[in-house]
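Below you'll find the structure, written out as structure tokens, and then a few comments.
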Amino acid sequence: MPTLPVSSDSKEPQTAFRVLLTGFGPFAHFDENPSWLAVKPLHNVVIEPDATAEPIIVNNNTALQQSTPKPQRRSIHISTLQVPVTYEAVLATVPGLHARPPVLPDTGDPLFPPPPAEGYDLMFHIGVAGRGPLRMEHLGHKLGYHMKDATGKLASLVRTSPKDFSRQPEAQAESIAEAMERERLGIEPAEPGGEPISRPNRGFGGPAYENVPDELYTEVDIARLIQDLKRSGIEQIYTSMDAGHYLCDFIYYCSLAEAKRTSHPYEKRRNTHVLFLHCPPVDQPLSTEEVTEAIKRIIVWICQDLEIQDAKLAHDEASGPAAPAGTGPPSTAASAPGTSAPTPGPSVPATPAATAPPSKP
């Protein structure tokens with residue numbers, strides 16, 4: 001499988017998609033987190049559209065018919081950010097990333113690209129899991145965080161009404177994914193307890209999250225994405241419905257909740273898409289370079305999917321509603337397709353060129 005090449009002679013175009021890619025800092029026996037090793041080479045990289053690429057194809061059919069204009073290919077600018085493996089750091093960082101304009105923590109890098117005023121197009125979080133393939137997570141969980149973070153602290157207690165029995169057994173019982181995560185990290189549960197109900201709820205609470213559902217799902221069509229990745233040669237990847245109830249799950253739910261909070265139905269702009277990917281430790285079995293390449297291809301796939309959505313929206317708006325009979329000449333514009341049907345997306349694209357600005361001296 002060819003890699004997406006990177007050169008060093010380009011600047012970020014004004015129309016580029018803006019992607020924020022996060023990895024985690026050191027913890028446990030990882031002096032440098034494998035997620036950060038895979039993420040950091042993509043800092044300040046610009047992936048250019050390939051002018052010679054084949055048309056976007058979905059299920060062996062052209063995604064855009066003649067009545068819909070072909071989308072204008074846009075560059076993709078990636079910024080990367082390291083997040084400490086603590087509950088406090090996630091809560092202090094992630095809400096600001098979804099603000100308009102985003103508020104970034106102090107990175108110590110005076111050349112860090114300023115965030116886009118209207119928010120990032122994609123927030124892509126990477127974290128390390130156990131040995132095995134890449135794991136694309138469908139959802140984040142609000143409750144059930146009973147493992148200590150890198151500083152030995154627990155997630156906040158969430159107080160629920162004594163009458164609220166619906167969530168207690170499910171939220172407090174240890175899931176299979178949580179047990180596997182504990183075994184992988186070599187840590188004991190902070191609140192073992194005998195029966196599930198003996199453990200207090202920990203996770204997201206208070207006024208900011210009390211009305212947010214216990215589970216939040218990504219808007220990215222993961223099943224279609226995985227299918228197309230496998231068609232492109234990335235075989236070692238699968239989907240997951242449980243991100244582990246540790247910091248990976250915690251940052252995913254927080255990011256999904258903040259994206260939902262900052263979206264407004266009356267606005268025409270897209271929501272920020274949020275996605276989480278688990279990667280294995282280095283060479284177990286994938287190398288850092290293989291994980292980085294998979295991340296790039298996922299980003300390109302999602303941004304091409306957004307191009308299709310944007311082109312369809314622009315086409316619908318340009319076509320407008322048909323004029324009532326007798327009020328004017330018949331419209332020559334093609335009828336706008338219905339907006340309630342899901343928009344097909346791209347397969348993994350042919351190799352585009354990717355560029356990075358000159359290195360900081």
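Nothing in this text is a laboratory measurement; each read-out follows from the coordinates by a stated rule. Treat the numbers as computed from the prediction; the structure is a model and nothing was measured. Here Cβ is always computed from backbone atoms with ideal geometry, including for glycine, and neighbour counts include all displayed protein chains.
Some observations on this one:
- Between Asp316 and Arg270, the modelled label-to-label distance comes to 1.4 nm, taking each label 7 Å out from Cα in the direction of the beta carbon.
- Sorted by Cβ neighbour density within 10 Å, fewest at the top, the residues Arg159, Arg270: Arg159, Arg270
- Stretch gain in nm, segment Leu157-Glu210, where the contour uses 0.36 nm per residue and the Cα spacing is subtracted: 17.8 nm
- Net charge over other residues, Cβ less than 11 angstrom from the Cβ of Met123 (K, R count +1; D, E count -1): -1
- Shown is the FRET efficiency for Gln14 and Arg100, computed with R0 = 22 Å from the Cβ-Cβ distance and rounded to the nearest 0.05: 0.75.
- Across the range 72-121, the relative contact order, built from alpha-carbon pairs under 8 Å that are at least six residues apart, equals 30 percent.
- Likely footprinting exposure, Met241, Met136, fewest C-beta neighbours within 10 Å first: Met241, Met136
- FRET efficiency, Gln309 to Lys230 (Cβ-Cβ, R0 25 Å, nearest 0.05): 0.60
- Ordered by the count of other Cβ atoms within 10 Å of each Cβ, fewest first, Asp305, Asp109, Asp316 give Asp109, Asp316, Asp305.
- The base-10 log of I(q)/I(0) for the range 236-310, evaluated at q = 0.11, 0.21, 0.23, 0.25 Å⁻¹, reads -0.39, -1.13, -1.21, -1.25 [Debye formula, identical scatterers on Cα atoms, solvent excluded].
- Taking label positions 7 Å along the Cα-Cβ direction at both Thr107 and Arg131, the computed distance is 3.5 nm, reported to one decimal.
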